[in-house]
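A.B. asks: One structure, as structure tokens, below. Some questions next.
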Amino acid sequence: MPTEPAKPDRPAVTDRVAYWDRYATGIRAAQAPEIALKNAFGWTQYEGHGPGDELLGDPATALELGSSRGHAVAALATKGIDATGVDLSPVQIEGARQQWGHLPNAHFVLADVITFLTGSRRRWEAIYSIFGALWFTDPDQWMPLVRARLSPGGKLVFSCAPAVPGTAGVQGMYGAGFTGPQVWIYRWTYEPQVWARMLTEAGFGEVNARVEPAPNPENVGTLIVQARA
């Protein structure tokens, strides 16, 4: 009688880091490097749909906040861009270093993004987040820090799901489920015009916030926001 394939160990969710480690174990299916690099810059949730890394312009340095498996960092590094990825999950960072650590321009840092941005004195020409940490971090905290870490004229780009009508602002979910430990996960969603206003008030310019339609217009689109320091 055939046996089921072994499933990867999934850590119990006891805090925010464990939540993201558990998430990471569910997406760490191995991909051939060429496939991973080809699909690295999917700003939208639909593979092969939407813009690519051209949204970043032509930076010499780039920082990804919530870098996950590190594919986007690696894709930039292969183009000669000095790219750094920051992620809260040890599982994600370990996987990124194992697959992409040989690239001289790819750097992966295990850290909370607010702690990292607060402690850094470096500036980058582009800072970006693809359904990543900027979606799960209070914009009142990250906006001034990101602006301070961007070079003059540097570009910010991030994507996430658009706000469900009538529910803009901070949203919470039970990280360990309704019957698990008290682990709260928060994310922030706003209408495009609200993101534009918030970024402008935080000192950013050339703000462009929009919803990229899904391949099927009946499906959920993707919020894509661009701005400059």
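The values are calculated or read from the model by the stated rules, or taken from the named source; none is laboratory data. Everything numeric in this text was worked out from a predicted model, so none of it was measured. Glycine gets a Cβ as well: all are built from the backbone with ideal geometry, and neighbour counts include every protein chain shown. What goes into the accessible areas is simple: the full protein's heavy atoms, side chains included, and nothing from ligands, DNA or RNA. Shrake-Rupley method; radii C 1.70, N 1.55, O 1.52, S 1.80 Å.
A.B. asks: Quick one: which strands (runs of 3 or more DSSP E) sit completely within region 129-216 and have at least 2 residues that are β-branched (Val, Ile, Thr)?
C.D. replies: Output list reads 184-189, 205-212.
A.B. asks: If you go through region 14-32 one residue at a time, do you hit one that is modelled with pLDDT of 95 or more, surrounded by 13 or more Cβ atoms within 10 Å (Cβ to Cβ), in a helix (DSSP H, G or I) and among the aliphatic types (A, V, I, L, M)?
C.D. replies: Checked against the condition, which is being modelled with pLDDT of 95 or more, surrounded by 13 or more Cβ atoms within 10 Å (Cβ to Cβ), in a helix (DSSP H, G or I) and among the aliphatic types (A, V, I, L, M), region 14-32 yields no hits at all.
A.B. asks: Follow-up question, since we're still on this one. For region 93-136, which residues satisfy the criterion of being hydroxyl-bearing (Ser, Thr, Tyr) and surrounded by 20 or more Cβ atoms within 10 Å (Cβ to Cβ)?
C.D. replies: Hits for region 93-136 are 128, 129.
A.B. asks: Kindly check whether there is at least one residue in region 37-60 that is free of Cβ contacts under 8 Å to residues at least 60 places away in the same chain and of a type in the set (A, V, I, L, M, F, W, C).
C.D. replies: For region 37-60, residues free of Cβ contacts under 8 Å to residues at least 60 places away in the same chain and of a type in the set (A, V, I, L, M, F, W, C): present.
A.B. asks: Scan region 172-182 and tell me whether some residue there is open to solvent by 50 Å² or more (accessible area, probe 1.4 Å), under 16 Å from residue 137 (Cα atoms), touching a residue at least 40 places away in the same chain (Cβ under 8 Å) and within 19 Å of the chain's Cα centre (by Cα).
C.D. replies: Checking region 172-182: not a single residue is open to solvent by 50 Å² or more (accessible area, probe 1.4 Å), under 16 Å from residue 137 (Cα atoms), touching a residue at least 40 places away in the same chain (Cβ under 8 Å) and within 19 Å of the chain's Cα centre (by Cα).
A.B. asks: Tally up the residues in region 146-165 that are under 14 Å from the mean Cα position of the chain (by Cα) and either at pLDDT below 95 or within 12 Å of residue 122 (Cα to Cα) (or both), please.
C.D. replies: Selection size over region 146-165: 1.
Conditions (1) at pLDDT below 95; (2) under 21 Å from residue 162 (Cβ atoms), marked per residue:
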{"site": "42", "(1), (2)": "yes, yes"}
{"site": "63", "(1), (2)": "no, no"}
{"site": "90", "(1), (2)": "no, no"}
{"site": "100", "(1), (2)": "no, no"}
{"site": "131", "(1), (2)": "no, yes"}
{"site": "134", "(1), (2)": "no, yes"}
{"site": "144", "(1), (2)": "no, no"}
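A.B. asks: A further question on this structure: Restricting the search to region 154-167, which residues are in contact with an Asp or Glu (Cβ under 8 Å, 6 or more places away or on another chain) and farther than 18 Å from residue 212 by Cβ?
C.D. replies: Answer for region 154-167, where residues must be in contact with an Asp or Glu (Cβ under 8 Å, 6 or more places away or on another chain) and farther than 18 Å from residue 212 by Cβ: just 154.
A.B. asks: Sticking with this structure for a sec: For region 60-80, how many residues meet the condition of being of a type outside the set (Gly, Ala, Ser), crowded, with 21+ Cβ neighbours inside 10 Å and closer than 19 Å to residue 120 by Cα?
C.D. replies: Summing the residues that are of a type outside the set (Gly, Ala, Ser), crowded, with 21+ Cβ neighbours inside 10 Å and closer than 19 Å to residue 120 by Cα in region 60-80 gives 4.
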